[in-house]
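These notes are about the structure you will find just below.
The values are calculated or read from the model by the stated rules, or taken from the named source; none is laboratory data. Predicted, not measured: the structure shown is a model, and the values here were computed from it. Don't worry about glycine lacking a Cβ; one is built from the backbone with ideal geometry, like all the others, and counts go over all protein chains shown. Calculation scope for accessible area: heavy atoms of the full protein, side chains included, ligands and nucleic acids excluded. Shrake-Rupley method; radii C 1.70, N 1.55, O 1.52, S 1.80 Å.
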Amino acid sequence: MDYYVTILALYIVVAVVACWGLNLQFGEAGVLNFAYILFVAAGAYTTSILTLGHPSPGGLQEYFWGTNLPWPLPWLASAVVGGVLGIGIGAVSLRRLRGDYQAMVLLVISILGTYLVSAKVSLLNGATGLSQIPAPFQGVLHLGIIGYRLFYLGLSVVAALVVFEILRRIQRAPLGRLLRAMRENEAAASAVGHNVVALRLLVMGVGGAIAALAGAIQVQFIGAWAPSSWTYPETFGLFAAVIVGGRGNLGGVALGAFLVQGVFLEGTVLFPNIANPNLVGASQWISLGALILIFLWFRPQGVLPERRRVFGRQPAPGLLDPASIIGPVEGVSV
Amino acid sequence: MSQVISSLGFGIVTASILLPAAVGFTLQFSTTNVLNIAFGAQMTFAAFIAYLCTQHGVPLWPAMVIAGVFGALSSGLLNRLLLAPFQRRGTSFFGMIVVTIALALVIEYVVEIIWGPSSVSYPLQGGKAVHIGSMIFSQEQLIVIGVGVVIALCTHALLRYTRIGKAMRAVAANPALAKSSGIRAQRVTDFAWAASGLMAGMAGVMLGISVSSVSYTMGDTFLIEIIAAAVLGGVGQVYGAMVGALVIGVLLEESAIVLSGAYAPIAAFAVLILVLMVRPTGLFAGTAKVKGIA
């Protein structure tokens, strides 16, 4: 039982980190990144390459370069790769295109990524994927399986807390207000002189780094990574978590990640199989779809909605203050 | 050289399947402003309905028509029961995308539960192969091409010469103005969804015939090519989608000669992204506006 609980706990931590990154893009800034899982994959592959060591000729798997760095360098490097990739893909897809085109082009890029990695075997072992990715300190620490898992869980919780603190600060800072202003009314934000393209690239970079970190944490735990781990519907699973939990609210998003990714998607795998395993998988996805629809209909703001932020004392109604003329800017529900 | 021409044959077949799909996708988008990610799943469902018909002794081509009608009806119903209520509530453009994604998940896995995860295939006659130059077509492929051409012509006639087609163009160009000049928006929307479902159904069966297998992920995979064709032509541009279908279809097959097969889709999508870098609105946005097709 402990065995499953530790696995599930780690999956949930990974999902929470990934959903927080997505929330920065989708929840705060309104950027619809349909290629999000690509960044998780980039982080997972980076960490794999940086821990597997040099590929041995005629070995089990092929990949380019490869080295063996001590923890936490692979995780940090993954975040850097994710960030750079985010800015790069953002520069291609978000600069000149209209909103609907952006979403579609990002979806196409996500699929391009899986095609490319599957087709070029010498890059990252193709469709078979990489395996035997070492976990940090496993040889040094003499802990049992459960003991080591708890240790690893501790490492990932620390990483999650760092991410949380960064995001909380962004949310409260003037930058957070700017992102929400862009989400609510992009034309107005740019009319008052803010560079919305730079803002979008920024959230693509930061969000991409967080996604990559989530991938890095996950890959050192499960020890394997292949194109089938990051097909584009996975992105929609993360979107579902953000919507169900409450976009724009870090606690809500964490709850959504717990509910959707933890209990709903991973938890049901651990249940005894009632019918054939295919049916379980399919009914899981069907209920995920239904869950999204039900939430969008009955509670589009999520379980824990975004808090309405009010700054300073509210003036008495009727008094002449700027807010009553131009209307509320902050926390307007979508 | 002969390889280039024989691949062109495959490209034309792929393009004739992409054509109804991309036209249906973009026609519905331009009139209703809903980006329908469930389009691929609708194709799959209709393809399986045709399979069900052939299992019960219905010949393939009537089964294709039945699948088209099923697609039209189910698509119209989906709009009335699910998508239109969401839109009336003021769900944002991106919210609607998420709704159709959820819908796609539901449809796709309902299909998996009903028909199982392994692929099935239609009973094909095979028949005599037809040689045109160094292009070789099976008889089924020729009919698929024919159906594609007929659908293109019908769409053109619909948009040019019928009242409902003109109304659709009006709604696409300016919904508010169209409404205030007395066009019944509800009817136009219903018609657009039904037409797009019809084309999804036909395209699903055509795809099943062409790749000689039908599986629950079929439409999902093909959706990317549909999106590529539609975006290349300019989203919402029906004639653009036709050109986009031709370009993407031929590119997909031709690039398999130069690159190895696994890289072919990469080339086609890379071209799409490059074109958008140069012309962010797709190939046809400008000319379409001038001609009043938009």
Handout entry: Karplus-derived 3J(HN,Hα), 6.51/-1.76/1.60, for each residue of the range B:26-31, Hz, glycine and proline x
Key = 7, 4, 5, 4, 5, 8
Handout entry: Computed [θ] at 222 nm, helices only, for chain A once each DSSP H run of length n ≥ 4 contributes -39500 (n - 2.57)
Key = -20000 deg cm²/dmol
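What FRET efficiency would be calculated for the residue pair B:Ser121, B:Val4, taking the C-beta separation as r and a Förster radius of 41 Å, to the nearest 0.05? Could the numbers behind the result be given before it?
On the way: r = 29 Å, r/R0 = 0.71.
Once the sixth-power term is evaluated, E becomes 0.90.
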Fill in the blank from the handout: Long-range amide H partners of B:Val214, meaning residues 5 or more apart or on another chain whose placed amide H is closer than 5 Å, are B:Val120, B:Ser121
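May I ask for the Kirkwood hydrodynamic radius of the range A:1-135, worked out over all distinct Cα pairs and given in angstroms to one decimal?
Values: mean 1/r = 0.0606 Å⁻¹.
That comes to 16.5 Å for the range A:1-135.
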Exercise for the section: Evaluate E = 1/(1 + (r/R0)^6) for B:Met277 and A:Ala198, where r is the Cβ-Cβ distance and R0 equals 22 Å; express this FRET efficiency to the nearest 0.05. Expected result: 0.70
Practice task
Please give every one of the aspartates and glutamates within straight-line cross-link reach of B:Lys128, meaning a C-alpha to C-alpha distance under 19 Å, and leave out same-chain neighbours fewer than 8 residues apart.
Solution key: B:Glu140
Practice task
Return the long-range amide H neighbours of B:Phe284 (sequence gap of 5 or more, or a different chain), with a cut-off of under 5 Å between placed amide H atoms.
Solution key: B:Gly234
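How much of the accessible area of the range B:2-291, probe 1.4 Å, is carbon plus sulfur, in whole percent? Mind dumping the intermediate values first?
Numbers: 7700 of 11440 Å².
So the carbon and sulfur contribution to the accessible surface is 67 percent.
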Handout entry: Degrees, to the nearest 10: A:36-52 long Cα axis against longest axis of chain A
Key = 40 degrees
Exercise for the section: Largest first and in whole Å, give the semi-axes of the range B:134-192's equivalent ellipsoid, each being the square root of 5 times a Cα gyration tensor eigenvalue. Expected result: 35, 9, 8
Handout entry: ³J(HN,Hα), Karplus 6.51/-1.76/1.60, whole Hz, each residue of the range A:81-90, x for Gly, Pro
Key = 4, x, x, 5, 4, x, 5, x, 5, x
Handout entry: From the C-alpha gyration tensor of the protein assembly as shown, square roots of 5λ in Å
Key = 40, 33, 23
Problem - P(r) histogram, all alpha-carbon pairs of the range B:129-288 included - 5 Å bins from 0, percent - result: 2, 8, 13, 18, 19, 17, 12, 7, 3, 2, 1, 0
Handout entry: Estimated vicinal HN-Hα couplings, Hz - the range B:49-61 in sequence order (Karplus 6.51, -1.76, 1.60; Gly, Pro = x)
Key = 4, 4, 4, 4, 4, 5, 4, 9, x, 7, x, 4, 6
Completion exercise
For A:Val162 and B:Val211, extending 7 Å from Cα along the Cα-Cβ vector and measuring point to point gives, in nm, a value of 4.2 nm
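When Cβ neighbours within 10 Å are restricted to other protein chains, what is their mean count per residue of peptide B:24-37?
Taking all residues of B:24-37 together, the mean is 1.
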Handout entry: Residue-averaged beta-carbon neighbours from other chains (10 angstrom radius) around A:112-124
Key = 3
Completion exercise
the range A:16-62 and the range B:43-67 have their Cα centres apart by a whole-number Å value of 41 Å
Fill in the blank from the handout: Mean-square fluctuation maximum in Gaussian network of chain A, Cα pairs under 10 Å, restricted to A:Thr231, A:Thr46, A:Thr67, hits A:Thr67
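Sum -39500 (n - 2.57) across every DSSP H segment of at least 4 residues in chain B, then divide by the residue count to get the 222 nm mean residue ellipticity, nearest 500.
On the way: 13 runs with 220 residues, N = 294.
When only DSSP H runs of four or more count, the value is -25000 deg cm²/dmol.
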Handout entry: Shielding by partners, peptide A:237-244 (average Cβ within 10 angstrom, other chains)
Key = 2
Completion exercise
Projected convex hull area of chain B, Cα atoms, direction-averaged, in nm², equals 15.8 nm²
Handout entry: Residues of the range B:2-291: accessible area per residue with a 1.4 Å probe, Å²
Key = 39 Å²
Exercise for the section: Would you mind telling me the share, in percent, of accessible area of the range A:159-206 contributed by carbon and sulfur at probe 1.4 angstrom? Expected result: 64 percent
Fill in the blank from the handout: The aspartates and glutamates whose Cα lies under 16 Å from the Cα of A:Lys120, excluding any fewer than 8 residues away in the same chain, are A:Glu62
Exercise for the section: First obtain the Kirkwood hydrodynamic radius of the range B:97-216 from its Cα pairs, then insert it into the Stokes-Einstein equation at 25 °C and 0.890 mPa s, and state the resulting D in µm² per second as a whole number. Expected result: 140 µm²/s
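From the P(r) of the range A:145-235, can you give the percent of Cα pairs sitting at distances over 15 Å? Please report the intermediate quantities before stating the final value.
Values: 2882 of 4095 pairs.
Tail fraction, whole percent: 70.
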Completion exercise
Rounded to the angstrom and largest first, Cα extents along the principal axes for the range A:96-197 equal 60, 39, 16
Exercise for the section: Please report the base-10 log of the normalised intensity I(q)/I(0) for the range A:54-109, using a Debye sum with one equal scatterer per alpha carbon and no solvent, at each q in 0.18 (1/Å). Expected result: -0.77
Fill in the blank from the handout: Result for interface chain A to chain B, accessible surface buried in total, 1.4 Å probe, Å² to 100, stands at 3900 Å²
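Using a Förster distance of 35 angstrom, determine the FRET efficiency expected from the C-beta separation of B:Val130 and B:Lys166, and round it to 0.05. Working shown, then result.
Values: r = 39 Å, r/R0 = 1.11.
The value I calculate is 0.35.
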Handout entry: Share of alpha-carbon pairs per 20 Å distance bin for chain A, given as whole %
Key = 30, 56, 13, 1
Practice task
In debye, nearest 20, what is the charge dipole magnitude of the protein assembly as shown about its Cα centre with +1 on Lys and Arg Cβ and -1 on Asp and Glu Cβ, if you could check?
Solution key: 1980 debye
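Quickly rank A:243-253, B:207-217, B:176-186 as a protection proxy: mean count of other C-beta atoms within 10 Å, highest first.
A:243-253, B:207-217, B:176-186
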Handout entry: Alpha-carbon centroids, the range A:167-202 and the range B:125-180: separation in whole Å
Key = 44 Å
